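One structure is given here, and the rest of the page talks about it.
The values are calculated or read from the model by the stated rules, or taken from the named source; none is laboratory data. In this text, all values refer to a predicted model and were calculated from it rather than measured experimentally. Cβ atoms come from the backbone with ideal geometry, glycine included; neighbour counts cover every protein chain shown. To get the accessible areas, we keep the full protein, side chains included, count just its heavy atoms, and leave off ligands, DNA and RNA. Shrake-Rupley method; radii C 1.70, N 1.55, O 1.52, S 1.80 Å.
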Amino acid sequence: VSETFEHISCQEVVELVTDYLEGAMPPAEVARFEHHLSLCEGCIFYVEQIRLTIEAVGRIGEEDVPPEIRDGLVEAFREFKSRP
Amino acid sequence: MNTSQLEGIDTVTLSAGSLQAEFAPALGMTGVSLRHEGDELLDRQAGVLAYTRTGAVMGVPLLYPWANRLAGHDYMLDGHDVRLPSGPPLVHGVREARSVPFASLGPDEPAVDPDRFRGPDDRYPGGWKVFPAHWQQLPDETLHRREALDVIVSTIASLPPAQRAVIRMRDVEGCSAEEVCAALDLSQGNQRVLLHRARSRVRSALEQHLP
């Protein structure tokens, strides 16, 4: 495949990682993203950190959801939605 | 070439010397396994079925470049023309464009402190000054110890309400993006922006907490 990539930077990778993990990236952008990862161990580690973060956040759901993040959620969201 | 099944999905396995690569033609030739002398080299995380459901990659293969994409929909295999459907379940299609963020999403703060990256005049602008740590090498359970969980809980508690609602539903309770959008009346794009900011903040807090 002879394709010229428009390269993305590490600073861009950290902002695109969620779109990537969520499968919400256009194919050309996926190619650029993965091309960057294939050359950059730092960003491999970053994506891994995000993945391990998601896994660790999932662990708190195995017990009861702590009151700090359970209570007031509905009210908080109603407030969020009522803003302009 | 051998055919078999993985989690009920038909797969083909190609062998070359001590390497076996297993692909799922029905999933756009996604690579589902790469073995060297029987050792699995791909980290599949949630599994193939989760992949078909969400269309998302949740694992980082231990080996790259990643052998799980095709450049086109038509190719030759064993003298046969193979044509893959271009619609679902081919992954990584464009589901929707990110909608324009609205004011309530809050300030657009960077996922990582800009000071961690090289400046515009550097040979590698926007590149890491120092690579992030390799968390996979942390002692087992470091991220699941009480102290780490406390950091996660207090960080989530400190998030703006919308980010807190989204990360709680998605990552604590395990709801799908669709469920969150429906429950909170959010567009897919805005749901993702909120999730991105929330996850980035929690990662950052964990990073500061780790030795």
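Here is the interface size for A with B: some 5800 Å² of accessible area buried, both sides summed, with a 1.4 Å probe. Among the protein heavy atoms, those of residue B:15 account for about 80 Å² of accessible surface (1.4 Å probe, every chain in place). If R0 is taken as 41 Å, the Cβ-Cβ distance between residue B:210 and residue B:81 corresponds to a FRET efficiency of 0.20.
Modelled label positions at residue B:175 and residue A:41, each set 7 Å beyond Cα in the direction of Cβ, lie 4.1 nm from each other.
Exposure check, 1.4 Å probe, all protein chains in place: residue B:76 carries approximately 120 Å² of accessible surface. Treating each Cα of segment B:133-197 as an identical point scatterer and summing with the Debye formula, the log10 of I(q)/I(0) at q = 0.28 Å⁻¹ comes to -1.12. In terms of its Cα atoms, segment B:159-211 spans 40, 18, 16 Å along the principal axes, sorted from long to short.
Once the chain from residue B:158 to residue B:113 is taken as fully extended at 0.36 nm per residue, the excess over their C-alpha distance is 14.4 nm. Going by accessible surface with a 1.4 Å probe and the largest first, B:19, B:184 read B:19, B:184. Apply the Debye scattering formula to segment A:1-57, with a single equal point scatterer on each alpha-carbon and no solvent, then give log10 I(q)/I(0) at q = 0.18, 0.21, 0.24 Å⁻¹. One equal scatterer on each Cα of segment A:1-57 leads to -0.59, -0.79, -0.99.
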